[in-house]
Each structure stands twice: as C-alpha cells, then as structure tokens.
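The values are calculated or read from the model by the stated rules, or taken from the named source; none is laboratory data. Just so we're clear, the structure is a prediction, and the values are computed from it rather than from any experiment. Virtual Cβ from ideal backbone geometry, glycine too; neighbours counted across all protein chains shown.
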Amino acid sequence: MSTPQDSFARRGFLPAKDPLTQFDPESKFSILDEIGRDLPSRLLETDFRRYAALLTIPEWPDEYLSLNTLPELRLYFVRLAFLTSAYVNQVGQPAVSSLPANLAVPLTRVAKLLSVPPILNYAGYALYNWKRFDKNQGVVLGNIDTIQNFVHLYDEHWFILIHVEIEAQASAILAAVETFHAEKRRTGKISEEVVNTQLQLIAACLVQQLRVLKRIPERMSHDLYFKVFRPYIRFFENVKFLGVKEQTINYRGETGAQSSIMPVLVHLLKIEHKQSILVDHLQEIRQHMPPTHQQFIENTAQLPNLKPYAEPELFDQVLELIAQFREVHFEWAKEYIHKHVKDSRGTGGTPYMHWLKQLIDETRDHKHHKD
C-alpha cells in the first residue's frame with residue numbers, strides 16, 4: 001500500500017523521511033536553493049517576471065522516477081512550482097497569459113515524473129515543505145518551519161505548518177486503516193473489537209487535529225492572508241505554457257482539499273455525499289495528490305462497511321468530530337476569504353461556500369442517531 005519512501009502508519013501522508021531542505025552545494029541544482037531563498041524579496045520588485053524569464057533552470061536528468069532520488073526530485077518540484085506560481089500570480093502586477101519556456105518546460109517534466117499536474121499543489125506547498133529544528137522531537141508546531149515561502153511573513157509559515165502538524169497526526173488514522181486491511185486479510189472479516197478499538201484511536205486523533213486547526217488565528221492575520229500570500233496559490237486560468245503546448249490551459253490551484261485525510265475518512269465510514277459541483281471538484285482534484293495517496297484512498301474504499309460492527313455512540317462520535325472539523329474550516333473560510341471578496345472561488349477555482357455546509361450536514365446525517 002505504500003512505497004519504501006512513505007510509511008503511512010508512522011508519518012501519515014508526510015514523507016517517511018524529513019524532506020530534503022537543500023541540494024548539495026556542489027550540485028548544479030543548488031542554484032534553485034538560492035532562487036528559492038531570494039524569491040520573497042524578488043517578488044517585491046516590479047521587474048520580477050523579467051528576472052524569472054531569464055533564469056537558466058537546470059534540467060532534471062532522469063526520465064524515470066527513482067526512489068533513490070525522490071527527495072531531490074520533490075525539492076526540485078517545490079522550488080520550481082513556487083517560482084512558476086509566483087510568476088503567474090505576482091501580487092500587484094497585471095495578469096499574464098503565458099509562462100515562459102524556461103519555467104514551463106522543466107516544471108512540466110518534473111510534474112510528469114511525479115504524476116501530478118504542472119502547478120504548485122498541496123504536496124509541494126505543505127507535505128514536502130517543512131523541516132524540524134530538533135530531529136529528536138516530533139513534527140509539531142514549535143519544532144517545525146517551512147523550506148520555501150512566497151513572502152516575508154510568519155503568517156504564511158504558520159498557515160503551512162498548521163497543515164503539516166495535522167498531516168503528521170493523521171498517521172493514527174492511516175494506521176487504523178492499515179489495521180482493518182490486515183484484519184480482513186487475516187480473517188476475511190473485521191471484528192467488532194477491532195472496529196471499536198480503532199475507531200477510538202481515530203476519534204482521539206480527530207480531537208487533536210481539531211485542536212490544531214483552531215489555532216489558525218494565533219499567528220495568521222486574515223487581511224495578510226487574503227491580500228498578501230493567498231493570491232500566490234491560486235489556480236492558473238487560460239495560461240499558455242510556452243514550449244509545451246500551443247493552446248492555453250487551466251489548472252486547479254493549491255488547496256487543503258488536496259489533502260488525502262478527509263477522503264480516507266469519507267470512504268472508511270461510507271459517508272454518502274450527494275452529487276454537487278463541490279463534490280465533483282473534490283473528485284477532480286485527486287489528480288493533484290501523489291499517486292500513492294490516491295491508491296490509499298481507493299484501497300480504503302474497498303473495506304467493508306464498519307457501521308454495523310461499531311458501537312453506535314462511538315461511530316456517531318467520530319462522525320461528529322469530522323463534522324466539527326469541517327465546521328471550523330467553514331468558519332475560517334468565511335473569516336479569511338468570503339468576507340473579503342464577492343467572487344468566493346477558492347484557490348482551487350471552485351465557488352465553495354455554497355456547498356461546504358452540505359458536506360457538514362451529510363456527515364451528521366450518516367449517524368445512527370440524528371441530532
């Protein structure tokens with residue numbers, strides 16, 4: 001279910017080993033570290049796009065994905081995906097209709113190797129974009145920082161790092177899923193004891209994730225988020241990738257909805273969501289997830305229905321915690337985005353506010369005992 005590089009039960013959907021933070025100084029790729037470090041300062045200048053269009057980006061040499069070079073490939077993607085989103089979405093500058101070939105060609109190549117669209121995704125923004133201060137301590141706020149940013153504001157670090165800790169905590173959820181798979185392989189079914197024991201662990205994990213999500217306002221201004229760094233993670237709309245394709249293309253922007261945690265829980269608990277534009281969008285953006293994460297979701301969907309084997313109160317508690325997590329997200333969406341703009345499309349490009357409450361209501365509708 002996972003590659004040697006990724007241990008879902010130990011680290012969730014984060015890489016099994018801490019992401020590479022810089023290339024070997026003797027490597028031809030080390031120039032990307034310098035470009036990345038300078039990016040927040042360069043973006044303050046009106047000539048940034050001219051500078052970026054003249055950069056010589058070293059080509060990734062391999063035609064095939066290798067586990068041995070995967071950490072370097074991920075860092076290459078992070079540096080280049082940030083650079084290209086900065087070019088397309090530079091704050092305070094007019095919209096552009098094309099991405100120069102010196103950026104478009106290498107980004108398309110590395111994205112193809114990673115089997116994701118050529119635009120900054122959640123994996124590049126969060127999953128591969130962190131480091132620990134103390135390697136003997138956990139992946140938790142206070143012991144982690146980002147590798148790459150768009151702006152010189154800790155608010156952006158905090159926004160990313162909130163997601164990183166939530167992803168690290170999700171290892172308990174994914175370990176439970178793997179326990180269900182192991183039990184089914186061993187006995188052909190999943191016992192009530194295993195179901196309830198693992199649901200208790202999932203509930204405890206969701207309590208911790210909810211606690212972290214609620215910390216968003218501690219170090220992130222809604223004005224700075226909306227005006228200063230959120231624009232950089234927006235979708236690409238009618239942009240021509242020079243040297244790659246003649247026609248203009250559209251790509252979904254980075255969004256927390258590209259995290260694989262909620263899709264795993266939805267499939268594990270067999271929560272049914274009625275067809276809507278948002279549900280279609282959530283299905284579509286799975287192509288932005290790493291392939292092993294997509295496969296984990298699909299494998300989870302093959303597990304039997306746990307509801308008949310679960311203690312009703314416990315099953316309902318897990319659903320309620322999922323609904324509360326979605327409610328906190330809904331509140332942050334209103335506070336940080338919706339009240340600032342009439343066009344309430346998310347960074348992924350979807351008018352989400354109208355349908356978010358649907359997901360909350362349908363999660364609660366799946367309970368044994370409706371509230």
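Can you tell me how many residues within the stretch 232-250 are surrounded by 21 or more Cβ atoms within 10 Å (Cβ to Cβ) and either charged (D, E, K, R) or in a strand (DSSP E or B) (or both)?
Going residue by residue through the stretch 232-250, those that are surrounded by 21 or more Cβ atoms within 10 Å (Cβ to Cβ) are 232-236, 239, 241.
Keeping just the survivors that are either charged (D, E, K, R) or in a strand (DSSP E or B) (or both) gives 234, 236, 239, 241.
Here the count works out to 4.
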- Residues located in the stretch 29-77, provided they are among the hydrophobic types (A, V, I, L, M, F, W, C) and either outside any loop (DSSP other than H, G, I, E, B) or not assigned by TED's automatic domain parsing to the domain that holds residue 121 (or both): 31, 32, 35, 39, 48, 52, 53, 67, 70, 73, 75, 77
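How many of the residues in the stretch 78-97 are among the small types (Gly, Ala, Ser) and either surrounded by fewer than 16 Cβ atoms within 10 Å (Cβ to Cβ) or not assigned by TED's automatic domain parsing to the domain that holds residue 152 (or both)? Quick ask: steps written out before the conclusion?
Here is the first cut: in the stretch 78-97, the ones among the small types (Gly, Ala, Ser) are 81, 85-86, 92, 95, 97.
After this cut, where a residue has to be either surrounded by fewer than 16 Cβ atoms within 10 Å (Cβ to Cβ) or not assigned by TED's automatic domain parsing to the domain that holds residue 152 (or both) as well, the list is 92, 95, 97.
Matching residues across the stretch 78-97 total 3.
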- Query: On the given criteria, is residue 216 of a type in the set (A, V, I, L, M, F, W, C), at pLDDT below 95 and over 30 Å from residue 181 (Cα atoms)?
  - Reply: no
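Please report, ordered by residue number, the helices (runs of 4 or more DSSP H) entirely within the stretch 124-220 with at least 1 residues that are among the basic types (Lys, Arg), out of contact with any helix residue (DSSP H, G or I) (no Cβ under 9 Å at 6 or more places or on another chain) and within 25 Å of residue 326 (Cβ to Cβ). Lay out the reasoning, then the answer.
Numbers: elements: 154-169, 171-187, 192-213.
Ranges flagged: 192-213.
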- Look through 103, 120 and report the one residue that is assigned to a helix (DSSP H, G or I) and more than 16 Å from residue 22 (Cα to Cα). 103
- Those helices (runs of 4 or more DSSP H) lying entirely in the stretch 252-329 with at least 1 residues among the aromatic types (Phe, Trp, Tyr) and within 18 Å of residue 115 (Cα to Cα): 291-301
